[in-house]
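These notes are about the structure you will find just below.
The values are calculated or read from the model by the stated rules, or taken from the named source; none is laboratory data. Predicted, not measured: the structure shown is a model, and the values here were computed from it. No Cβ is skipped: glycine too gets one built from the backbone with ideal geometry, and neighbour counts run over all protein chains shown. With ligands, DNA and RNA removed, areas are computed over all heavy atoms of the protein, side chains included. Shrake-Rupley method; radii C 1.70, N 1.55, O 1.52, S 1.80 Å.
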Amino acid sequence: MPSPNRFRYQVVALGGTFDVFHRGHEQLISKAFELGRSVIIGVTSDAFVGKQGKNHPVQAYASRVKALRHFLGDRGWLSRAVLVPLRDPYGPTTRRRDVEALVITPDTASSALRLNRLRANKGLGRLKIHRVPLSNAEDGKPISSTRIRRGEVDRQGQLVKA
């Protein structure tokens with residue numbers, strides 16, 4: 001295992017649904033492991049997904065976690081990861097004092113600000129926010145699970161030829 005001094009933070013957190021795991025997810029998670037010795041990854045629970053009113057099906061929690069574990073295992077990061085189900089937008093970050101930073105995309109910036117207000121109200125330290133840009137497909141538009149499901153792009157962002 002790398003020296004603990006190599007990392008900027010001891011504990012970093014991020015969260016997402018991670019439906020149809022793609023290059024954008026890889027980049028978000030990779031940033032977290034670059035920054036933190038230990039990384040808490042919140043994965044939206046099936047019940048919480050149901051409350052979000054998505055207009056398409058989402059893979060079952062177990063399938064999404066399996067893909068995530070496969071990615072982490074391939075990179076040797078599984079031992080540094082803590083996977084937790086998200087039953088609300090913030091997960092353990094509203095309770096854990098040891099979390100130092102949050103890795104987000106521009107889409108989740110407003111939630112990160114709300115989280116820091118919640119933490120401040122509870123006497124917990126504010127998290128350092130690290131924003132990772134959305135990963136664009138070859139057409140310049142963001143890769144998303146929705147676009148992959150529609151058959152517009154593949155998981156790497158290549159346009160799917162009709």
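Brief remarks on what is shown
- Rolling a 1.4 Å probe over the protein heavy atoms gives the range 12-148 an accessible area of 49 Å² per residue.
- Accessible-area composition of the range 110-160, carbon plus sulfur, in percent [1.4 Å probe]: 49 percent
- Nearest-20 debye value, the range 99-157 charge dipole, Cβ charges on Lys, Arg, Asp, Glu: 440 debye
- Links that overshoot a 32 Å alpha carbon limit, given the list Lys54/Lys141; Lys66/Lys122; Lys66/Lys161: Lys66/Lys122
- Between Arg97 and Leu159, the distance separating the two model label sites (each 7 Å from Cα on the Cα→Cβ line) works out to 5.5 nm.
- Adding -39500 (n - 2.57) for every DSSP H run of four residues or longer, then dividing by how many residues the chain holds, sets the calculated 222 nm ellipticity at -9500 deg cm²/dmol.
- Overall shape of the chain was characterised from the C-alpha gyration tensor. The equivalent ellipsoid obtained from it has semi-axes of 26, 19, 15 Å, in decreasing order.
- For the chain, the longest principal axis of the C-alpha atoms and the axis of helix 61-74 are separated by about 80°.
- Simple label model, 7 Å out from Cα along Cβ direction - Leu118 to His56, nm: 2.7 nm
- Modelled label positions at Arg126 and Glu138, each set 7 Å beyond Cα in the direction of Cβ, lie 4.3 nm from each other.
- The simple Förster model, with R0 at 30 Å and r as the Cβ-Cβ distance, assigns Arg150 and Asp74 a FRET efficiency of 0.65.
- Fraction of beta bridges assigned by DSSP in the chain that are antiparallel (%, nearest 5): 10 percent
- Full extension of the segment from Arg6 to Ala47, taken as 0.36 nm per residue of separation minus the current Cα-Cα distance, would add 11.0 nm.
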